[in-house]
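Worksheet for the structure shown next.
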Amino acid sequence: MATAQDIRPRKDELAAQAQYLSTSPTASFHSPSSHGSALQRIIPVVNAKHLKPFATEDIKVLLLENVNQAGRDILSAQGYQVEFLKSSLSEDQLIEKIRDVHVIGIRSKTKLSERILKEAKNLIVIGCFCIGTNQVDLQYAANHGIAVFNSPFSNSRSVAELVIGEIIALARQLGDRSNEMHNGTWNKVSNKCWEIRGKTLGIVGYGHIGAQLSVLAESMGMSVIFYDVLNLMALGTARQVETLDALMAEADFITCHVPEVPETKGMIGRKQFDQMKTGSYLINASRGTVVDIPALIDAMRSGKVAGAALDVYPNEPAGNGDYFNNDLNTWGADLRALKNLILTPHIGGSTEEAQSAIGVEVAQALTRYVNEGTTLGAVNLPEVNLRSLTMEEPDHARVVYIHKNIPGVLRKVNEIIGDHNVDKQMTDSRGDVAYLMADISDVNTTNIKDLYERLESLPSRIMTRILY
Ligand SMILES: NC(=O)C1=CN([C@@H]2O[C@H](COP(=O)(O)OP(=O)(O)OC[C@H]3O[C@@H](n4cnc5c(N)ncnc54)[C@H](O)[C@@H]3O)[C@@H](O)[C@H]2O)C=CC1
Ligand SMILES: O=C(O)C(=O)COP(=O)(O)O
């Protein structure tokens, strides 16, 4: 197995590469991100016919959190070195591992903070095999030329179905009745058990999940209202309300489907619980920080809230095992003692269908990015795509130049690549970072190295990759 050292150029290796390049029409230059070593990496290509720009067996992929087999298979089929772990890693373990890898695949637990990404000298791309990307410092990644991809809706249906199940389970106190039977008690009651037909569902965040849920809830006879920061088209006979206050006051069931951003932190707190109808229900399958848990506990104890379902928590563990027995969740015992409270371990998106669809979608995005530089679907870089390079022409190359979005860069870059025939080119920017992709011809082993070095020496450079 190649080590990180193997793909960094050494002087003797450069000479060998020159020899290799003279016999192979394809190769790849890929600069370390700007916080990395000043040395460039030169990686030969194994297959001249197709767009396989790296010696694919040198590409190291670390997959955490039990990424689905379908995704693992796609990455392994590329020839990449794929290391797979079932759980997440502690910060210190991650720092050790991430130093070496070019690609990392995570789900919602693994925090890729600036502290961790600083150590990721070889990293070019992050795949979030989930919807949420709040666990990644997206701006730091963009500023260092690290693309981030996710799967924007492959598990939306699974979450919506879970919530539908929870609405009925809460209305009928199913969790409690089931627990009682498990403990040997027959307790047949109808007091405060309801049909959901004719009740009002209040959806906070009417995006992929909220909208899907809206359709399902209406089909079961519920009325739907929703609150969102955007003005959105209501599906069916759903109705958008202007404020969160209005939603809290009108709905019988309230369900949260907003992302974790500063504005949604503690969004459902004491004030919101006070506004709820007495005997209403709360569901949170978005992020643990959205609901103030001590406030929920008080609202349930007082009878204001008749039932709740939580799938997400402010501190979630790296893997399966003990959860509430730690100092972080001081409210754990109080939660566990409450009646008609469904607690699930962040399983909203955990279905076979969702996980394999996510595996395929994200693995394909990673492969396209590594092999072709395509950023379609990236959540932190501009979306840039050129039609696939046909590798029939041996003197063609694709230049990817990620750079600071400052005036004058394109003139300088075009001066450099303009020495070649530019077949096609696309550039776009997002905030402080711009992404240029150009397919050029009249390339040979000498002038491509020169081109790479000239691009690398520009002060605007964040990362240069040359794929051919
Ligand atoms: N429990 C689980 O396993 C899963 C949880 N999730 C969580 O659910 C969240 C929502 O997922 P999607 O519906 O796919 O996202 P989405 O991005 O399609 O929709 C989110 C909606 O929330 C709205 N929004 C944002 N900030 C808001 C605010 N302050 N107030 C009101 N509305 C606001 C947005 O405008 C958007 O319409 C994800 O960000 C993720 O954190 C997603 C999948 C699985
Ligand atoms: O897709 C999301 O954002 C989720 O919350 C699901 O996360 P998971 O893949 O179960 O870690």
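Compute the Rg to Rh ratio over region 203-242 from the alpha carbon atoms, using the Kirkwood formula for Rh, and round to two decimal places.
Working: Rg = 8.9 Å, Rh = 9.8 Å.
Here Rg/Rh amounts to 0.91.
Relative contact order, percent, of region 123-268 when contacts are C-alpha pairs under 8 Å separated by at least 6 residues? Can you show the working numbers first?
On the way: 202 pairs, mean separation 31.6, N = 146.
Taking the mean separation of contacting Cα pairs over the length of region 123-268, I get 22 percent.
Per-residue Karplus couplings for region 290-296, computed as 6.51 cos²θ - 1.76 cosθ + 1.60 with θ equal to phi - 60°, are listed in order as 6, 10, 7, 5, x, 5, 5 Hz, Gly and Pro entered as x.
Put simply, the convex hull of the Cα atoms in region 133-205 casts, on average, a shadow of 8.1 nm². Summarising the amide proton neighbourhood of residue 384: residues at separation of 5 or more, or on other chains, whose placed amide H is nearer than 5 Å comprise 375, 376.
Applying 1/(1 + (r/R0)^6) with R0 = 25 Å to the Cβ-Cβ distance of residue 325 and residue 186 gives a FRET efficiency near 0.20. The share of alpha-carbon pairs in region 387-468 lying farther apart than 19 Å comes to 30%. With both labels modelled 7 Å from their Cα along Cα-to-Cβ, the residue 99 to residue 242 distance reads 5.8 nm. In the chain, helical runs assigned H by DSSP with n ≥ 4 each contribute -39500 (n - 2.57); averaged across all residues and rounded to the nearest 500, the mean residue ellipticity at 222 nm is -9500 deg cm²/dmol. Which of rounded, prolate or oblate describes region 73-222 when judged by the alpha-carbon gyration tensor and an a/c cut-off of 1.5? Prolate, since a/c reaches 1.5 and a/b exceeds b/c.
Computed FRET efficiency, Cβ-Cβ of residue 347 and residue 423, R0 60 Å: what is it to the nearest 0.05? Please list the in-between numbers first.
Numbers: r = 48 Å, r/R0 = 0.81.
With a Förster radius of 60 Å, E is 0.80.
Only the Cβ atoms of Lys and Arg (+1) and of Asp and Glu (-1) were treated as charged; on that basis the dipole of the chain about its Cα centre amounts to roughly 500 debye.
Here the simple spin-label model places points 7 Å from the Cα toward Cβ, and for residue 339 and residue 275 these points are separated by 2.9 nm.
Going from the fewest other Cβ atoms within 10 Å to the most, the residues 102, 208 appear in the order 208, 102. Close amide H partners of residue 84, meaning residues 5 or more places away or on another chain with modelled amide H under 5 Å apart, are 63.
Charges on Cβ only, +1 for Lys and Arg, -1 for Asp and Glu, centred on the Cα centroid of the chain; of 94, 290, 159, which one is farthest towards the dipole's positive end? So the residue furthest toward the plus end is 290.
Note the full-extension length gain between residue 153 and residue 134 as 0.36 nm times their separation in residues minus their Cα-Cα distance, in nm to one decimal. Don't skip to the end; give the middle numbers.
Values: separation 19, 0.36 × 19 = 6.84 nm, distance 1.55 nm.
The residue 153-residue 134 span can extend by a further 5.3 nm.
Plugging the Kirkwood radius over Cα pairs into Stokes-Einstein for the chain, at a temperature of 4 °C and a viscosity of 1.567 mPa s, what D comes out in µm²/s? Intermediate values should be presented prior to the final figure.
On the way: Rh = 24.4 Å.
Rounded to a whole number, D works out at 53 µm²/s.
Extent of region 255-349 along its three principal axes (Cα atoms, max minus min coordinate, largest first): 37, 30, 23 Å.
When N counts the residues of region 301-437, how does its alpha-carbon radius of gyration compare numerically with 2.2 N^0.38 Å, as a ratio? Before the final figure, lay out the partial values.
On the way: Rg = 24.9 Å, N = 137, 2.2 N^0.38 = 14.3 Å.
Against the empirical 2.2 N^0.38 Å value, I get 1.74 for region 301-437.
In this rough spin-label picture, where each label sits 7 Å from Cα along the Cβ direction, the residue 232-residue 410 distance is 3.5 nm.
Every number here is computed from the coordinates shown, using simple stated rules; none is lab data. Every value quoted in this text rests on a predicted model; they were computed, and no experiment measured them. Cβ atoms come from the backbone with ideal geometry, glycine included; neighbour counts cover every protein chain shown.
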